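The values are calculated or read from the model by the stated rules, or taken from the named source; none is laboratory data. Predicted model, so just to flag it, every value in this text is computed and none were measured. Virtual Cβ from ideal backbone geometry, glycine too; neighbours counted across all protein chains shown. When the accessible area is computed, the model is the full protein with side chains, heavy atoms only, and any ligands, DNA or RNA have been set aside. Shrake-Rupley method; radii C 1.70, N 1.55, O 1.52, S 1.80 Å.
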Amino acid sequence: MVSTRIPRPAILAALIILLLWAAGFALLLRERRANTFPVGQTIDHRLAVQPGVNLSPDDLAEDALPARLDQLAGQGIRFVRFTLPWDEVEPQRGAFEWGRWDRVAAAFSDRPDLIPIAVLDRSPQWAR
């Protein structure tokens with residue numbers, strides 16, 4: 001008959017390995033907590049109180065944009081977010097069509113109190 005008993009030195013070695021692993025894990029967690037910032041330190045409160053809006057594609061139309069930006073500036077809006085469709089900017093790989101977006105940038109440059117936030121959206125067919 002074969003004995004299935006595990007020798008004591010093997011059990012002792014397994015316990016030592018388990019304790020070392022647990023100690024290392026505890027040190028790792030402690031280090032991670034020490035390197036995190038409290039939420040209050042990660043927010044620039046000067047910017048957090050500034051109002052902002054999202055513009056629709058209709059708001060970005062060439063004839064509507066200047067009046068819309070003037071309206072927003074008059075209301076004290078600071079941040080203006082809109083989507084920048086990648087599939088329109090680069091419909092073919094390496095072929096860029098910036099005309100519409102150059103006009104949007106020019107409209108914002110005339111209103112330095114407004115901060116544009118462009119969100120890249122919609123990948124072109126060639127990049128999928």
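Along the stretch 63-77, what does the Karplus equation 6.51 cos²θ - 1.76 cosθ + 1.60 (θ = phi - 60°) give for ³J(HN,Hα), rounded to whole Hz, x for Gly and Pro?
Once θ is set to phi - 60°, the couplings for the stretch 63-77 become 7, 9, 4, x, 5, 5, 5, 4, 4, 5, 4, x, 8, x, 5 Hz.
Taking the Cβ of Val89 as the center, what net charge do the other residues with Cβ under 14 Å away carry, scoring Lys and Arg +1 and Asp and Glu -1? Intermediate results must be reported in sequence, preceding the final value.
Values: positive: Arg93, Arg100, Arg103, Arg122; negative: Asp87, Glu88, Glu90, Glu97, Asp102, Asp121.
Combined, the nearby Lys, Arg, Asp and Glu give -2.
Where Lys and Arg each count +1 and Asp and Glu each count -1, what net charge lies around Ser123 among other residues with Cβ under 14 Å from its Cβ? Write out the running numbers ahead of the final one.
Details: positive: Arg93, Arg122, Arg128; negative: Asp87, Glu88, Glu90, Asp121.
Counting the neighbours of Ser123, the net charge comes to -1.
Would you mind telling me the share, in percent, of accessible area of the stretch 74-128 contributed by carbon and sulfur at probe 1.4 angstrom? Can you show the working numbers first?
Working: 1840 of 3570 Å².
Percent of accessible area from carbon and sulfur atoms in the stretch 74-128: 52.
Per residue of the stretch 54-60, what does 6.51 cos²θ - 1.76 cosθ + 1.60 with θ = phi - 60° give for ³J(HN,Hα)? Whole Hz please, x for Gly and Pro, Karplus curve as stated.
Once θ is set to phi - 60°, the couplings for the stretch 54-60 become 9, 9, 8, x, 5, 5, 8 Hz.
Please list the non-local residues whose amide H lies under 5 Å from the amide H of Leu84, H modeled 1.01 Å from N, same-chain partners needing a gap of 5 or more.
Placed amide hydrogens put Val119, Leu120, Asp121 under 5 Å from Leu84.
Could you pull out every residue, at least 5 positions away or on a different chain, whose amide H is within less than 5 Å of the one on Phe79? Hs are placed 1.01 Å off N in the peptide plane, and Pro or chain starts have none.
Counting only residues 5 or more places away or on other chains, the set is Gly52, Val53, Ile115.
Which value, to two decimals, describes the C-alpha radius of gyration of the stretch 78-128 once divided by 2.2 N^0.38 Å?
Values: Rg = 12.5 Å, N = 51, 2.2 N^0.38 = 9.8 Å.
My calculation over the Cα atoms of the stretch 78-128 gives 1.27.
What residues qualify as long-range amide H neighbours of Leu60, i.e. H under 5 Å apart, gap of 5 or more or another chain, H built at 1.01 Å from N?
So Leu60 has HN proximity to no qualifying residue.
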